[in-house]
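Presented below is the structure to which this report refers.
The values are calculated or read from the model by the stated rules, or taken from the named source; none is laboratory data. Because the structure is a prediction, the values reported are computed rather than measured. Using ideal geometry, Cβ is built from the backbone for each residue, glycine included, and neighbour counts are taken over all protein chains shown. SASA here: full protein model, heavy atoms, side chains in, ligands and nucleic acids out. Shrake-Rupley method; radii C 1.70, N 1.55, O 1.52, S 1.80 Å.
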Amino acid sequence: MTDHMNPGNWPAWATEPVEVVEANSAWSMQAQEEIAQLRDLLQHLNIHTFEHMGSTSIPGLSAKPIIDLMGEVQSWDDMGLIAERLNPAGWNYVPPELDGREYRRFWVRVKDGKRAVHLHLMRPGEERWERQIQFRDVLRSRPDLVKAYAELADENKDDRESYTTAKTEFIIKVLNGQL
């Protein structure tokens with residue numbers, strides 16, 4: 001039996017350092033291609049709603065070169081059926097006990113040994129879905145916030161968990177109109 005809680009047994013992509021690169025105008029097209037593939041793979045499960053979110057969805061923002069997508073799923077009970085479709089296409093499921101976020105089911109698509117795409121599956125009505133869209137849309141319209149947000153990655157480039165914590169605090173301030 002494999003000890004899934006032991007980081008020594010995790011694949012390299014699970015603990016890779018945060019790599020931030022200059023904004024890439026191709027990210028939007030890559031996201032649309034990934035969404036088209038996901039719609040094709042998951043159409044028989046009635047999963048059609050997807051959004052490109054996160055740093056790569058904000059033009060001009062340096063980011064980790066990982067496309068973040070959200071998809072709406074009706075039930076967590078479908079994860080086995082979803083895995084049957086996504087695993088052969090290079091997707092890896094990160095169970096909620098490892099992910100630590102009960103509100104979503106998290107998938108990572110790996111290319112060339114590195115994270116390439118994240119898929120955050122959420123159920124209808126999930127508050128975080130609307131908040132992600134709101135945050136994305138605010139940053140798309142506020143270049144001053146884009147610059148401040150970019151500085152977080154540089155300050156936390158060697159610690160993925162610290163980066164996630166700093167991002168969360170920044171997002172809350174933006175959504176509450178404090179920035």
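At-a-glance table
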{"read-out": "One residue from 131, 136, 160 being of a type outside the set (A, V, I, L, M, F, W, C) and in contact with a strand residue (DSSP E or B) (Cβ under 7 Å, 6 or more places away or on another chain)", "value": "136"}
{"read-out": "Enumerated strands (runs of 3 or more DSSP E) restricted to the range 11-120, each holding at least 3 residues that are loosely packed, with under 13 Cβ neighbours inside 10 Å and modelled with pLDDT under 95", "value": "none"}
{"read-out": "Among (1) at pLDDT 90 or above; (2) open to solvent by less than 80 Å² (accessible area, probe 1.4 Å) - the single one residue 6 does not satisfy", "value": "(1)"}
{"read-out": "Odd one out for residue 137, checked against (1) more than 21 Å from residue 52 (Cα to Cα); (2) open to solvent by less than 90 Å² (accessible area, probe 1.4 Å); (3) not aromatic (Phe, Trp, Tyr)", "value": "(1)"}
{"read-out": "Tally of residues being part of a helix (DSSP H, G or I) and either among the polar types (S, T, N, Q) or over 17 Å from the mean Cα position of the chain (by Cα) (or both) across the range 121-146", "value": "9"}
{"read-out": "Qualifying position, being in a helix (DSSP H, G or I) and closer than 25 Å to residue 92 by Cβ, among 149, 163", "value": "163"}
{"read-out": "Neighbours by Cβ (under 9 Å, 6+ apart or cross-chain): first from the range 131-157, without any contact (Cβ under 8 Å) to a residue 12 or more places away in the chain; second part of a helix (DSSP H, G or I)", "value": "142/174; 155/162; 155/163; 155/166"}
